Amino acid sequence: MNRIIEKEHFSENVVKLVVEAPEVARARKPGHFVIVRCGQGGERIPLTIADADPTKGTVTLVVQAVGLSTRKICDLNAGDTLTDLVGPLGRATDIALRDGTVVCCGGGVGVAPLLPIIKAMKEAGNRVVSVLAARNKDLIILEDEVRRYSDEVIIMTDDGSAGHKGLVTAGVEEVIKRENVAEVVAIGPAVMMKFVALLTKQYQIPTIVSLNTIMVDGTGMCGACRVKVGGKTRFVCVDGPEFDAHQVDFDEMIMRMKAYN
């Protein structure tokens, strides 16, 4: 059992949970995820770790209620427990000093798994520009935390209610046109990552995406998270969750994700 220490609502359907998990907190690296379960016989839910505190022995998870199991998790409160929390799983992000600016762009709840990457890239000595995007201002999450570790933050909203009106690609291209961008990291809805990849391919800028949104079982046994990367089949949970954005077949991925809608 893993006790919930703190709960915060970002919106009606998105919550932040700080959970006791000492061993995971000590071993976790940016890009890793965990599998959580709520209740005996509950569904296995893969969640990317948004933050960790090895001293306190806690990990931070951001959960969006999209079905019965995630709703049960979101309905838990401080003092309640998760039945299981297993990890860290997946391959960690390649963190190193780059020869130029690192642009980190996140859409919606994709900002949560992006945060530890932003922090680690900054601590490695990089100039980090973060681009956060959402439909409206109420869906921008973790802005204060992102600002703490970024040299600059650009906010993009579909309706213009915060920052600039427009898509995440507009914010990314603004940075590309004015300075040397060495790498782009994008995490968010599949369609968002697709268009970021198309943009950066034009400029020949290496780009990494996290495909965590398609994971189901998290161990490679169910096969639901298979994607084509460079023409070869890969499993997001064991081969990723991060891949070269310019090698991912996003059209196939988006088509397959419709099966879960």
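Nothing in this text is a laboratory measurement; each read-out follows from the coordinates by a stated rule. Just so it is clear, the structure is predicted and the values come from calculations on it, not from any experiment. Because the Cβ atoms are built from the backbone with ideal geometry, glycine has one as well, and the counts that use them run over all protein chains shown.
Among the listed pairs LYS165/LYS201; LYS56/LYS232; LYS7/LYS232; LYS56/LYS228; LYS16/LYS122, those with a Cα-Cα distance over 30 Å are LYS56/LYS232; LYS7/LYS232; LYS56/LYS228.
May I ask you to list the residues of region 91-106 whose amide nitrogen lies under 20 Å from a point 7 Å from Cα along the Cα→beta-carbon direction of GLN204? Label zone hits: 98-103. The slack in the chain from ASP244 to LYS228, taken as 0.36 nm per residue of separation less the alpha-carbon distance, amounts to 4.6 nm. How high is the relative contact order of the chain, in percent, with contacts defined as C-alpha pairs under 8 Å that are six or more residues apart? It rounds to 16 percent for the chain. A DSSP coil position with no more than 14 other Cβ atoms inside 10 Å describes the following GluC sites (Glu not before Pro) in region 1-39: GLU12. Which one, (i) 41; (ii) 56; (iii) 29, gives percent of Cα pairs over 28 Å apart as derived from the coordinates shown? So the calculated entry is the one marked (iii).
Within the chain, DSSP assigns beta bridges of which about 60% are antiparallel (rounded to the nearest 5).
Exposure proxy for ASP158, ASP84, ASP94: other Cβ atoms within 10 Å of each Cβ, ordered fewest to most, give ASP94, ASP158, ASP84. Under the criterion of Cα pairs below 8 Å and six or more residues apart, the relative contact order for region 33-126 equals 31 percent. Within the listed set ILE205, ILE155, ILE187, the Gaussian network model of the chain (springs between alpha-carbon atoms below 10 Å) gives the highest mean-square fluctuation for ILE205.
Between LYS29 and LEU97, the contour length at 0.36 nm per residue exceeds the Cα-Cα span by 22.8 nm.
Helices in the chain, meaning DSSP H runs of at least 4 residues, each add -39500 (n - 2.57). Divided by all residues, the mean residue ellipticity at 222 nm is -7500 deg cm²/dmol. Spatially, region 142-214 and region 72-135 are offset by 14 Å when compared through their Cα centroids.
From least to most packed, judged by other beta carbons within 10 angstrom and beginning with the fewest, THR207, THR200 follow the order THR200, THR207. Between GLU123 and ARG147, residue separation times 0.36 nm minus the direct Cα-Cα distance comes to 7.3 nm. Across ASN126, ASN136, ASN212, mean-square fluctuation computed from a Gaussian network of the chain (C-alpha pairs under 10 Å connected) peaks at ASN136. Relative to the 2.2 N^0.38 Å rule of thumb, region 2-89 has a C-alpha radius of gyration ratio of 0.97.
The label-point distance for THR81 and GLU252, in a model that sets each label 7 Å from Cα toward Cβ, rounds to 4.3 nm.
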